[in-house]
Amino acid sequence: MNKRWMLALPLLLLLGCQPDAGAPSADSGLVWSDEFEADELDLTDWNVAKGNREFDGWGNEELQYYQDENLALGDGHLTITARKADPGEALPCFDGKSCGYTSGRITTEGKVTLENGRIEARMKVPAGAGLWPAFWLLGSGADEWPAGGEIDAMEWVGTEPTEVYGTIHGPGYSDDAGLQGSTTTSAPLSDDFHLFAVEKRPNHIQWFLDGKKFFEATPASLPPSRQWVFERPFYALLNLAVGGTWPGAPTPATQFPATLTVDYLRIYK
């Protein structure tokens, strides 16, 4: 199914979706999707991030330099590939050196948002220590992080191959103090495609892996006197980071190139 708009945003809520259901029908509540069937990324919906040093290692001392050369479309998939940088490449990193890796990051900021509804991505993560793929959301219109809120629909680090995390960050509950849930898979997540989803309604956010809920958050979940900042539109981000404060650096056993493969991203009412 080609990417399409069907209704205007903001969105309402849809319950449930099977991970291998294929392209949804017109009456499924789908309001926007990118099935990644085109030859090139649609820049009317997506922005491509570039750099590292000017973003202070993307806030996490990450080791990759983002560039559009690491993004590709083919066979109905988006691939985000992390590679070792070529010797002599000038890739300014946060530590004053040249970044040792390149990768890709895309966002829908200013173009596609979710306020209330369901957003899901079917993806296959790469294996390897030091790899940090993510599917996440940031609040629109905020001057600085985390005032607008962050919803991590899926984070995974290569040193924990069977653990999937979902998190929210906001003022006074960010970084290590973010509210987090997780679930454990029976086999390494990198073995196959999986469906990652967040359902967002007023004062309620839920996380799903392959159709099964594993975490939820409400204003009552917050520490005392902390503000719930999630009643606003959020835009989507997909990226594959290398290194950083959470996963640590790659080891000699980590194989490059390493690829995050995205089958589709969909938003439902």
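The values are calculated or read from the model by the stated rules, or taken from the named source; none is laboratory data. Remember, predicted model here, so these are calculated numbers, not experimental data. When we count neighbours, we look across all protein chains shown, and the Cβ atoms used for this are built from the backbone with ideal geometry, even at glycine. Accessible surface areas use protein heavy atoms only, side chains included; no ligands, DNA or RNA. Shrake-Rupley method; radii C 1.70, N 1.55, O 1.52, S 1.80 Å.
Scaled against the 2.2 N^0.38 Å expected of a compact globular protein of N residues, the Cα radius of gyration of segment 70-125 reads 1.55.
Across segment 172-269, the convex hull enclosing all Cα atoms gives 144 Å³ per residue. Taking the three principal axes of the alpha carbon atoms in the chain, the coordinate ranges are 51, 47, 38 Å, sorted in descending order. Each of Glu109 and Glu40 was given a label point 7 Å from its Cα along the Cα-to-Cβ line. The distance between the two points is 2.3 nm. Solvent exposure of the chain amounts to 44 Å² per residue of accessible area, where only protein heavy atoms count and the probe is 1.4 Å. Here the scattering of segment 146-223 is modelled by Debye summation over its C-alpha atoms, one equal scatterer each and no solvent; at q = 0.12, 0.16 Å⁻¹ the log10 of I(q)/I(0) is -0.34, -0.59. Pairs over the 20 Å Cα-Cα cut-off, from the set Lys50/Lys111; Lys213/Lys269; Lys124/Lys212; Lys111/Lys269; Lys124/Lys200: Lys124/Lys200. Using the Cβ-Cβ distance between Glu69 and Ser28 with R0 set to 25 Å, the FRET efficiency from 1/(1 + (r/R0)^6) comes to roughly 0.10.
Looking at the P(r) of segment 62-188, how many percent of alpha-carbon pairs lie beyond 17 Å? Beyond 17 Å sits 67 percent of the P(r) for segment 62-188.
Using the Cβ-Cβ distance between Ala177 and Glu231 with R0 = 25 Å, the FRET efficiency computed as 1/(1 + (r/R0)^6) comes to roughly 0.75. Placing unit charges on each Cβ (+1 for Lys and Arg, -1 for Asp and Glu) gives the chain a dipole about its Cα centre, and among Pro247, Ala236, Gly76 the Cα reaching farthest toward its positive end belongs to Ala236.
Taken about its Cα centre, segment 110-269 carries a charge dipole of roughly 480 debye when the Cβ of each Lys and Arg holds +1 and the Cβ of each Asp and Glu holds -1. Computed log10 I(q)/I(0) for segment 98-140 at 0.16 Å⁻¹: -0.64, from the Debye equation with unit scatterers placed on every C-alpha and solvent omitted.
Modelled this way, with points 7 Å down the Cα-to-C-beta line, the labels at Phe55 and Ala147 are 2.0 nm from one another.
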